[in-house]
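Each remark here refers to the structure printed beneath this line.
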Amino acid sequence: MTEDRKHEMRLKLHYKKIDESISKERELTNESYHLCANLQGNATRKSIITLVINAVLWSVLLTGLTTLLYSDTIQKPLIVSIAIVTPPMFFITKTIIKVIQNGTAARIEENKKDTQNQIDSMYASVFNRQNLYDFLGIPHDIIFDGNDFPIIQNDCTELNKYGRFTRYITQSGKKYHLHEGCSGAYNSVHAYSIAQNSFYTPCSKCIHHNDPIYVPDWYIYYLKTSKIVKEHDISVPLKI
Ligand SMILES: [Zn+2]
């Protein structure tokens, strides 16, 4: 097997690992979401049951008290009973429900943290001690601008913002151009952003052959990876 072929296969394996990790992350996040929703549902049910049990218990107590205090008229003892019984009933019910809710919130928080840790360490092991350029097969003459667009060092000027990757568009037109000023197109855009946006088609005047801009795998995976690295705060060197 040639070195190139080996290199290509290694990259494919790395891309596969990244895709698998992304679906695993989705799976873990979904699981965690459902578990937390279940916990919350249980807590709500428990709270309602607590409320009902307390209401029944205290109603029985209230009736007992009223009967005990029963005199010729029922109004007065009933009002007294309600006055005595209602505050502690309210307080105790509220306390029990609060304990249930707090316990649930703690478990939900713990579960989210566990899931986060699991995902973080999964990604950390994928990118383990490798730099992104080698891991993703990014050509070493490529650098990334502030918007994560790849450019070639020393290939760009102030007018030619993305070097050989520069294309031009107008404010509202659907064509993209190779030559600045063709059909009034003066806004520089990166070729890869054109390729990822089906809105634009090549201008027939300045782009003579069909210009399918080929977005390389390493760029697609670079975008996926930089998003992961940012979101999960993974320390992975870009280059050696
Ligand atoms: Zn043109």
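Within the range 86-114, track down each residue that is small (Gly, Ala, Ser) and closer than 14 Å to residue 44 by Cα. Within the range 86-114, 103, 105 meet the criteria. Of the candidates 200, 221, 192, the single residue that is among the aromatic types (Phe, Trp, Tyr), within 16 Å of the ligand (Cβ to nearest atom) and under 30 Å from the mean Cα position of the chain (by Cα) is 200.
Taking the conditions exactly as written (assigned by TED's automatic domain parsing to the domain that holds residue 25, loosely packed, with under 11 Cβ neighbours inside 10 Å, more than 30 Å from residue 232 (Cα to Cα) and more than 40 Å from the chain's Cα centre (by Cα)), does residue 68 satisfy them or not? Yes, satisfied. A single entry from 129, 167 fulfils the requirement of being under 28 Å from residue 228 (Cβ atoms) and of a type in the set (Lys, Arg): 129.
A single entry from 205, 227, 174 fulfils the requirement of being touching a helix residue (DSSP H, G or I) at 6+ places or on another chain (Cβ under 9 Å) and loosely packed, with under 14 Cβ neighbours inside 10 Å: 205. Under the condition of being in a helix (DSSP H, G or I) and modelled with pLDDT under 80, the residues counted in the range 58-79 number 4. When the strands (runs of 3 or more DSSP E) confined to the range 120-188 are screened for residues that are away from the ligand (no atom under 16 Å from the Cβ) and touching a strand residue (DSSP E or B) at 6+ places or on another chain (Cβ under 8 Å), those reaching at least 2 such residues are found at 142-144, 150-152. With respect to residue 17, determine if the residue is closer than 30 Å to residue 229 by Cβ and surrounded by fewer than 12 Cβ atoms within 10 Å (Cβ to Cβ). For residue 17, the condition - closer than 30 Å to residue 229 by Cβ and surrounded by fewer than 12 Cβ atoms within 10 Å (Cβ to Cβ) - is not met. Taking the range 123-138, which residues are surrounded by fewer than 19 Cβ atoms within 10 Å (Cβ to Cβ) and either touching a Leu at 6+ places or on another chain (Cβ under 8 Å) or closer than 22 Å to residue 39 by Cβ (or both)? Across the range 123-138, the qualifying residues are 131, 133.
The values are calculated or read from the model by the stated rules, or taken from the named source; none is laboratory data. The model shown is predicted, which means the values in this text are computed figures rather than measured ones. Because the Cβ atoms are built from the backbone with ideal geometry, glycine has one as well, and the counts that use them run over all protein chains shown.
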